[in-house]
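Some notes on the structure that comes next.
The values are calculated or read from the model by the stated rules, or taken from the named source; none is laboratory data. Since this is a predicted model, take the numbers as computed values, not measurements. Cβ: placed from backbone, ideal geometry, glycine included. Neighbour counts: every protein chain shown. Ligands, DNA and RNA are excluded from the accessible area calculation, which covers all protein heavy atoms including side chains. Shrake-Rupley method; radii C 1.70, N 1.55, O 1.52, S 1.80 Å.
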Amino acid sequence: MDEDQNFRLPSVDVLLRLPEARELIARFGREPVLKAVREKLADHRARRQTVVATAVLEETAGALATRMAASQRRAFNLTGTVLHTNLGRALLPREAAEAAAEALRSPTTLEFDLKNGRRGERDDHVRGVLQEITGAEDATVVNNNAAAVVLVLNTLALGKEVIVSRGELIEIGGSFRIPEIMARSGAQLREVGTTNRTHSRDYLTAIGPATAALMRVHRANYAIQGFTAAVPRRELADIAHTAGLPLVEDLGSGSLADLRRWNLPHEPMPQEALADGADLVTFSGDKLLGGPQAGLILGRRELIARLNANPLKRALRMDKARLAALAAVLRLHSDPDRLSQRLPTLSLLTRPLDSIRDVAENLASELGGRISGSSVCVERCQSQIGSGALPLTLLASWAVTISGTDLEQLALHLRQLPLPVIGRIAQDRLWLDCRCLEREQMSELLEQGWLRSGAPP
Ligand SMILES: *Cc1c(COP(=O)(O)O)cnc(C)c1O
């Protein structure tokens, strides 16, 4: 571009009358185009640059495309973590996604009783199936498991003490820490025992007039090994009930299905916690349950009624779309025989190694030609479940690994694709774990942006 004292710019009126401008207006609307054109002209004016009309419109088109693009985009999760919190955790089964979309587009019977034409209860859409699967007396659902813990503590223990073992004062991903959540919910934390060992006498001596509940927290993302002791749930329930107190348990992921059926390690099940005497259990909807973000609370009818009567329940309640999706996912759980084919989270966790290897080999041979100057291999790797479920469990998997190039730069170029491809860098290689990549998705991954022709920009 020329830079001189007599630089020339086209006028806004002239620009907007060009056919290219009319196309932009048809696509983005008049106001946004006008605003973007003015911004581009202002840039050139500030730089005293002569520019022709078509160039301004091309720049405007680029700016509008970037501005109007959704920032939450579909991506390829090749991190090897199946339930990746930052990538949105569980993938919904088709039935659940369709139920959610339908609820979003139409009026629904969310809180409407068709029998008598009066107000109904939104929890009714999931209560029955949860009672059937778990044998729980009653159930309620809220925004997420963090909200479930807040609601339980605020309802049962506002201004009173809740006794928790020091070995269970967990932090999940920085923003959820048991002591902080307790404080915000208005309950006072009464820590007992030590990091590695807590005994029944620790709970017994702590119980007093200020105690409102005993709480167990599942050590979701770490393990304590070696010289350890914890009070078994049944025993803790006895201690609580003898003192006339409820036992509440935050299960974190919680699995409604027994994962041993698929040769995965056992994850604590809400059914077991209730059978052992827990009075209320809370767990997430979008971890091993494989559903939408939600916090499920199961347990004694009288306690669930108290939760529902708390004004906070209204603030923490679920919306109709996620409720519809959750109900669909729970219906799948009522048939465990077919669950591993129908629930994406479980089918990814139980995916046969050969099928992952097959995708990895295909992807490697395609990428070999497109990422020049680097070495592309297929290697064994280990996937993780993620989201604090079974933190010590690693699942054998296969990855495409790329080395011999600027890995940070390559990872950036892959993230900047229209459908971002997200892997991880370790041991001087970029790892693309193929567990969560279906064969049918490969062409979509490869036929986009700079990958189509090869050679990063
Ligand atoms: C994940 C987790 C939570 C938080 O659940 P969200 O559904 O993410 O709110 C709370 N407690 C435990 C033990 C967890 O593992």
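Key figures
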{"quantity": "Per-region count, the stretch 248-265, residues more than 16 Å from the ligand (Cβ to nearest atom) and open to solvent by less than 30 Å² (accessible area, probe 1.4 Å)", "calculated": "2"}
{"quantity": "Test result for residue 136, more than 16 Å from the ligand (Cβ to nearest atom), in a helix (DSSP H, G or I) and of a type in the set (A, V, I, L, M)", "calculated": "no"}
{"quantity": "Residues located in the stretch 157-170, provided they are of a type outside the set (Gly, Ala, Ser), open to solvent by less than 80 Å² (accessible area, probe 1.4 Å) and either within 13 Å of the ligand (Cβ to nearest atom) or in a helix (DSSP H, G or I) (or both)", "calculated": "164, 168, 169, 170"}
{"quantity": "Condition broken by residue 268, with the remaining ones in (1) within 13 Å of the ligand (Cβ to nearest atom); (2) touching a residue at least 60 places away in the same chain (Cβ under 8 Å) satisfied", "calculated": "(2)"}
{"quantity": "Given (1) touching a helix residue (DSSP H, G or I) at 6+ places or on another chain (Cβ under 6 Å); (2) in a helix (DSSP H, G or I), number of the condition residue 10 does not satisfy", "calculated": "(2)"}
{"quantity": "Boolean, residue 245 is within 30 Å of the chain's Cα centre (by Cα) and either modelled with pLDDT under 95 or away from the ligand (no atom under 13 Å from the Cβ) (or both)", "calculated": "no"}
{"quantity": "Any chance residue 387 is buried (at least 17 other Cβ atoms within 10 Å of the Cβ), outside any strand (DSSP E or B) and not basic (Lys, Arg)", "calculated": "yes"}
{"quantity": "Sole exception among (1) surrounded by 12 or more Cβ atoms within 10 Å (Cβ to Cβ); (2) small (Gly, Ala, Ser); (3) without any contact (Cβ under 8 Å) to a residue 40 or more places away in the chain for residue 103, by number", "calculated": "(3)"}
{"quantity": "Boolean, residue 373 is assigned to a helix (DSSP H, G or I) and at pLDDT below 95", "calculated": "no"}
{"quantity": "Which numbered condition residue 91 fails, given (1) within 24 Å of residue 344 (Cβ to Cβ); (2) aliphatic (A, V, I, L, M); (3) part of a helix (DSSP H, G or I)", "calculated": "(3)"}
{"quantity": "Matching residues, the stretch 346-396, being in contact with a Leu (Cβ under 6 Å, 6 or more places away or on another chain), in contact (Cβ under 8 Å) with a residue 60 or more places away in the chain and over 30 Å from residue 288 (Cβ atoms)", "calculated": "366, 370"}
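Table: residues versus (1) in contact with a Leu (Cβ under 9 Å, 6 or more places away or on another chain); (2) open to solvent by 40 Å² or more (accessible area, probe 1.4 Å).
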residue	(1), (2)
179	yes, yes
185	yes, no
205	no, yes
213	yes, no
219	no, yes
